[in-house]
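*Asks:* Starting off with a structure, shown below.
Derivation of every value follows stated rules applied to the coordinates shown; laboratory data play no part. Model, not experiment: these values are computed from the prediction.
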Ligand SMILES: [Fe+2]
Ligand SMILES: [Fe+2]
């Protein structure tokens, strides 16, 4: 199935100090993601477009992780009521999402990236998605995870690929990425792998048995793609 090979991404939002967030200029434009010097090689300086890429990547990632925690929060009680043996798995996935959210909350605060303005909308949408697929049953809940993680996995993978291209560019100039950007790359890779682990768990737990499978998965994936596109800008 394409969802296994294709890694995609979903997305959503956050924002309370919204107006203030909009007023605060992103320091990505002033900072170079530099941390402590690690070697004698000159550091690769990001251009404006690259800084904007990171700015929007962090905004989307933070929003998506928030949505993921809300989906599991709404889904878990219904799923484990009829399938108590899934409690540890649901908790494991929720705990990882909460860890991802905490990571991106710290990153957007550190780099003063404004959260998406769409947070209230994504909050309702993610909760509804979790609740409704939970009501539909275990298979639908797992199909939801499969769909979301297919989109998310691809999204993180695209980000990893982009930063790797910067690394290659840096090497061709005899430079290197600064340590903070290297750490960010490692974080994106780790989280991508954890999302794909969730995708595997979902398929192992009969996501493909959901009925109606195709319309359900397709509409969720489309919703994720739309949310990502909007959150990248808004
Ligand atoms: Fe996550
Ligand atoms: Fe996930």
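*Asks:* In nm, what is the difference between 0.36 nm times the number of residues separating residue 110 and residue 92 and their Cα-Cα distance?
*Replies:* Working it through step by step, the gained length comes to 3.8 nm.
*Asks:* Tell me whether segment 90-146 comes out rounded, prolate or oblate; compute the Cα gyration tensor, take square roots of the eigenvalues as a ≥ b ≥ c, and use a/c under 1.5 as the rounded threshold.
*Replies:* In terms of gyration-tensor shape, oblate.
*Asks:* Expressed in whole Å with the largest first, what are the equivalent ellipsoid semi-axes of segment 141-213 derived from the C-alpha gyration tensor as the square root of 5 times each eigenvalue?
*Replies:* One finds semi-axes of 34, 10, 7 Å for segment 141-213.
*Asks:* Per q in 0.17, 0.19 1/Å, what log10 I(q)/I(0) does a Debye calculation on the alpha-carbon atoms of segment 48-232 return?
*Replies:* Here the Debye-derived log intensity ratios amount to -1.04, -1.25.
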